[in-house]
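One structure below.
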């Protein structure tokens, strides 16, 4: 708010200065309409600002003056000398209070009422107002006027300064190069160094002048929300947070429209009518929270409402109806992809087109605008309970960390944010191949479509295929692909300017930049290249299918090589091995017809390829298939290698599924299926642990902190959408009851956790209440425990 | 008040550019070509710290390609916030015509029709007034193609 106040003071003072002449002129000719208008506008502006800044005293004064002047303007009242004097007294008081605001002094308010009363019609007060107008002038003279430390500048001037400094930096670089080449006197070098440093500092401070608080953007929201909700008959409370985050002025302008649109959408489509909200069990007042925070060199701006959210299924229906999507394609989409349809062009979910939003242009434009400035838009919706839209934008438009690459003898820049890794085609982990005429690269088992930059840009390639370097890119809102370039040059912080429309039109450039060598360079747009090369549409599906096939074929899955008790080298898929541990022989016993390992209060079958030798300790692989646990005794671990599961099959089913070559050695592959089947056959009851479904999404706290606690408490933890999730004995949720529990078998108890200690109640457990949590779990699962 | 015009030669024709849109006239050498763009974009050029988009004026009016000999004169214009260097064959003079711009009555080729916004008379010659905005815009070319 401080900034706004300073702005207000500066503005008011500025207007007062220009107004002083008008006031005198008005005094001479009270019927002068243009003068009246100027003064009216002034008090009107002051009144508006004061209401916003919460300065009730100034507001009251300006409001009173405004009323009287409005009467004059509407010819309801003739301005006479008494009225002019009274208005002038008020303007003087406004000036006085404004100065006091800045200097922090107080001005007595005992005669404010008298000043206002003086405005009232009738000559009776004339003497009274004369009395009061005089002391005012005296007080004003006493109030020391603080020295203002802020000035207002046209942005144009700042831009010119910025351009000037950029010129200077380039000239410096040029000079530096020439000095290096000619090998001058060290004294000159030192002097140049100093100059160079000054120029650098100057650039930094001028860059800072371009930064502004995001408050400038947020300050318009309260009014907008108020007007919109009034128009729509909705009730909305707006919370704003993080207004002190600083951002490039230009950037603020760039996100103004997207943010406005998001807020409009939230009120128009998101938040329901009060009656509907009450019917849905929500408070009548909808909540809209707009916040900004800095995360590294990005600014995250979020708008969260507690409205009805976006129904992804309805989006899909609509997209199909509008011909944007085919039903077959829709069937293959996941919930996230469906939700992202909101960004598709020509799709509006509003049932009716309203004057506020819902014309089918909107979210697609929002995303386009945000992506144009190198940002991303994310969406998260819970049907019935709200929507979160977040924009992440770079701190400044102008400087982007980039990688410079060469293709066809030219240099190009690629924004570093989109780059995942660099890999040479000649290296062992990348294999270049072809698929139906299109180039593909296989990087550690992941197949990616390839765009070779030089031919793509219709340039002549300057090197052989095997000399290419792959830049693995993950464009915002797209899928991975590899861009093959001839050379990777350097990481640079580049000052990027938007390119001319004619350049942007071809869709593969994001901007232009001028590196130190003074040769203009183009910044490539990874998403645009993917689109222009046609790899983000049909091929993306093909790639997904291929990945699925790969998963099924388990090509080159990490595999554990170990030496078995009989000395042979064997292999087992690492995914099955939970851990490898040493157990003391005292915990193993031959009981109930087989070797068993008793540990941590549980008994698991202990398998081995032959009879266990006499020893003090055994090394065992603890394996799980998701429901039952077994241990397999081994001699030692050899290695973990990626391995194709292509092998010669064993003649008879048994412990050994077959044999494969690993680095030239024959290695027997353990038939894990047989192993578990064997353990099962013996009648090992599935685990006695209860199954706890932890529905917390990707919440790291749940995964890292809660999971071990639950495990140590004797629960087996599974996550939603995994095998066996529907057989859970108890569901633990970490969302304080904002979402529906996932589908489970009937009558599964649900326990919810809260992060706030004071909210705890019987079914809402404070998440660090260890004893309470375990106790609740125990009591709620008592019945199922007995059923087992 | 009459406006000033800069007389230049584009594709062999003397034409007038409204001087208000012209920032300066520079001699440029060394253009960085830009792949994949419309033919009327000759490339990029660094004017001090600013990157200019170089416009091939001949291509923009649909009259072949500019005869680039390693260096050429260019008119620097600022259109819609972007800096452009419009390659011209010759820069002649700045004139202040006595009569206002009139509508062109002749039937022009489509390329010229798109970029011109009238005719002025200079020393008895009728010269086309060329609108730099139309000259540099992508639409002008797309329609011409």
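Do we find that residue B:91 is touching a strand residue (DSSP E or B) at 6+ places or on another chain (Cβ under 9 Å) and either closer than 30 Å to residue A:170 by Cα or not in a loop (DSSP other than H, G, I, E, B) (or both) in this structure?
When the stated conditions are applied, residue B:91 passes them.
Could you go through the stretch A:463-470 and let me know if any residue there is in the same structural domain as residue A:406 (by TED's automatic domain parsing), modelled with pLDDT of 85 or more and on the phi > 0 side of the Ramachandran plot.
no
Do we have residue B:34 as closer than 25 Å to residue A:520 by Cβ, surrounded by 18 or more Cβ atoms within 10 Å (Cβ to Cβ) and within 11 Å of chain A (Cβ to nearest Cβ) here?
Judged against the criteria, residue B:34 is a match.
Is it fair to say residue A:407 is within 14 Å of chain B (Cβ to nearest Cβ), touching a helix residue (DSSP H, G or I) at 6+ places or on another chain (Cβ under 7 Å) and crowded, with 17+ Cβ neighbours inside 10 Å?
yes
Can you report the number of residues in the stretch A:292-309 which are in a loop (DSSP other than H, G, I, E, B) and surrounded by fewer than 22 Cβ atoms within 10 Å (Cβ to Cβ)?
Result for the stretch A:292-309: 3.
Provide a single number: the residues in the stretch A:519-533 that are surrounded by 20 or more Cβ atoms within 10 Å (Cβ to Cβ) and facing chain B (nearest Cβ under 7 Å).
Residues meeting the conditions: 2.
Considering only the stretch A:214-236, I want to know if a residue exists there that is closer than 25 Å to residue A:516 by Cβ and either touching a strand residue (DSSP E or B) at 6+ places or on another chain (Cβ under 8 Å) or assigned to a helix (DSSP H, G or I) (or both).
no
Which one is farthest from the chain's Cα centre (by Cα) among residues in the stretch A:182-210 that are surrounded by 11 or more Cβ atoms within 10 Å (Cβ to Cβ) and part of a loop (DSSP other than H, G, I, E, B)?
A:184
Exactly one condition in (1) touching a residue at least 60 places away in the same chain (Cβ under 8 Å); (2) surrounded by 22 or more Cβ atoms within 10 Å (Cβ to Cβ) is false for residue B:58; which is it?
So the condition that residue B:58 fails would be (1).
If you go through the stretch B:46-59 one residue at a time, do you hit one that is farther than 22 Å from residue A:410 by Cα and either more than 14 Å from chain A (Cβ to nearest Cβ) or part of a strand (DSSP E or B) (or both)?
yes
Is it the case that the stretch B:63-76 has a residue that's within 14 Å of chain A (Cβ to nearest Cβ), within 11 Å of the chain's Cα centre (by Cα) and surrounded by fewer than 23 Cβ atoms within 10 Å (Cβ to Cβ)?
Scanning the stretch B:63-76 turns up at least one residue that is within 14 Å of chain A (Cβ to nearest Cβ), within 11 Å of the chain's Cα centre (by Cα) and surrounded by fewer than 23 Cβ atoms within 10 Å (Cβ to Cβ).
For the stretch A:352-383, which residues satisfy the criterion of being more than 23 Å from residue A:474 (Cα to Cα) and modelled with pLDDT of 80 or more?
Answer for the stretch A:352-383, where residues must be more than 23 Å from residue A:474 (Cα to Cα) and modelled with pLDDT of 80 or more: A:381, A:382, A:383.
Of the numbered conditions (1) more than 14 Å from every other protein chain (Cβ to nearest Cβ); (2) surrounded by 15 or more Cβ atoms within 10 Å (Cβ to Cβ); (3) in contact with a helix residue (DSSP H, G or I) (Cβ under 6 Å, 6 or more places away or on another chain), residue B:89 fails exactly one; give the number of that condition.
(3) is the only condition that residue B:89 fails.
How many of the residues in the stretch A:490-518 are within 9 Å of chain B (Cβ to nearest Cβ), more than 23 Å from residue A:530 (Cα to Cα) and assigned to a loop (DSSP other than H, G, I, E, B)?
2
So for the stretch A:131-144 (the condition being modelled with pLDDT of 50 or more, in a loop (DSSP other than H, G, I, E, B) and within 30 Å of residue A:87 (Cα to Cα)), does at least one residue qualify?
No: zero hits.
Scan the stretch A:443-460 and give yes if some residue there is within 14 Å of chain B (Cβ to nearest Cβ), surrounded by fewer than 16 Cβ atoms within 10 Å (Cβ to Cβ) and closer than 30 Å to residue A:177 by Cβ, otherwise no.
yes
Consider residue A:513 carefully, then state whether it is within 29 Å of the chain's Cα centre (by Cα) and surrounded by 19 or more Cβ atoms within 10 Å (Cβ to Cβ).
yes
Any residue in the stretch B:14-25 that is buried (at least 23 other Cβ atoms within 10 Å of the Cβ), at the interface with another protein chain (Cβ under 8 Å from one of its Cβ atoms) and part of a strand (DSSP E or B)?
No: zero hits.
Taking the condition more than 14 Å from chain B (Cβ to nearest Cβ), at positive phi and at pLDDT below 80, does residue A:386 pass?
Considered against the rule, which asks whether it is more than 14 Å from chain B (Cβ to nearest Cβ), at positive phi and at pLDDT below 80, residue A:386 comes out as no.
Filter the stretch A:197-219 for residues that are closer than 24 Å to residue A:267 by Cα and in contact with a helix residue (DSSP H, G or I) (Cβ under 8 Å, 6 or more places away or on another chain) and give the result.
Hits for the stretch A:197-219 are A:214, A:215, A:216, A:217, A:219.
For (1) surrounded by 18 or more Cβ atoms within 10 Å (Cβ to Cβ); (2) in a helix (DSSP H, G or I); (3) over 46 Å from the mean Cα position of the chain (by Cα), each residue gets a yes or a no:
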{"residue": "A:14", "(1), (2), (3)": "no, yes, no"}
{"residue": "A:19", "(1), (2), (3)": "yes, yes, yes"}
{"residue": "A:23", "(1), (2), (3)": "yes, yes, yes"}
{"residue": "A:39", "(1), (2), (3)": "yes, yes, yes"}
{"residue": "A:49", "(1), (2), (3)": "yes, yes, no"}
{"residue": "A:69", "(1), (2), (3)": "yes, yes, yes"}
{"residue": "A:75", "(1), (2), (3)": "no, no, yes"}
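Restricting to the stretch A:310-332, name every residue that is surrounded by fewer than 19 Cβ atoms within 10 Å (Cβ to Cβ) and under 16 Å from residue A:381 (Cα atoms).
Matches in the stretch A:310-332: A:311, A:313, A:314.
How about the stretch A:534-587: which of its residues are modelled with pLDDT of 80 or more and not assigned by TED's automatic domain parsing to the domain that holds residue A:629?
Answer for the stretch A:534-587, where residues must be modelled with pLDDT of 80 or more and not assigned by TED's automatic domain parsing to the domain that holds residue A:629: there is none.
What is the one condition in (1) within 19 Å of residue A:511 (Cα to Cα); (2) more than 14 Å from chain B (Cβ to nearest Cβ); (3) without any contact (Cβ under 8 Å) to a residue 24 or more places away in the chain that residue A:464 does not satisfy?
Unmet condition: (1).
The values are calculated or read from the model by the stated rules, or taken from the named source; none is laboratory data. Please read all numbers here as calculations on a predicted model, not as lab measurements. Glycine also receives a Cβ, built like all others from the backbone with ideal geometry; neighbour counts cover every protein chain displayed.
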